[in-house]
1. Could you sort the peptides 161-167, 52-58, 41-47, 171-177 by per-residue average Cβ neighbour count (10 Å cutoff), highest mean leading?
2. What is the spin-label model distance, in nm, from residue 3 to residue 115 if the labels are put 7 Å beyond Cα along the C-beta direction?
3. By average Cβ neighbour count within 10 Å, what is the ranking of 101-109, 22-30 from highest down?
4. Could you work out how far apart the two model spin labels at residue 162 and residue 18 are, taking each label as a point 7 Å from the Cα in the direction of the beta carbon, and quote it in nm?
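Any read-out appearing in this document is the output of simple, stated calculations on the displayed coordinates, not a laboratory observation. For clarity, every value in this text was computed on a predicted model and none was experimentally measured. With ideal geometry, Cβ positions are generated from the backbone for all residues, glycine too; neighbour counts draw on all protein chains shown.
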């Protein structure tokens, strides 16, 4: 018969606590990686004219973040000038993937990503509105009546990101888990990585 001493029990509990803490850190890193990949995909796929919509994506931990980048909005074209360019077909404006607006969004959200904990519920939201009808990000998502010019098609940036993740979530390989632990907010082209 094997005898377990109180010292053995204490050692076992200590080893179990260390293993649990290590696993939680690893899972937290993977969770952060998922958030960063999703956030970057939405940024890369957001149609752009002036960059307002792409710069306004937020990451909220346990709440919806409705903040805006006022510095970015102030420095961009006026709404009326943007609307005129849309109707005249000016293609000199930004297009999907333009890094200036994407970098602004990433700069604003770097602190949110570093604070993500395993128990957090994450909300990726956009608070940009047009002056007439509000809900500008929703318009970009739905792309009504071919609202977007060719360089920005298709819309549905959120729907495509969710579908992409759903197709991979249950088949996450060990190699993908390792990649997710190393993902940084400043990375780009993440869709091709997985």
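1. Working: 161-167: 13.4, 52-58: 26.1, 41-47: 23.3, 171-177: 10.9.
For the peptides 161-167, 52-58, 41-47, 171-177, the packing ranking is 52-58, 41-47, 161-167, 171-177.
2. About 5.4 nm, to one decimal.
3. Details: 101-109: 20.7, 22-30: 14.0.
My ranking of the peptides, most packed first, is 101-109, 22-30.
4. Using points 7 Å along Cα→Cβ, the separation is 4.4 nm.
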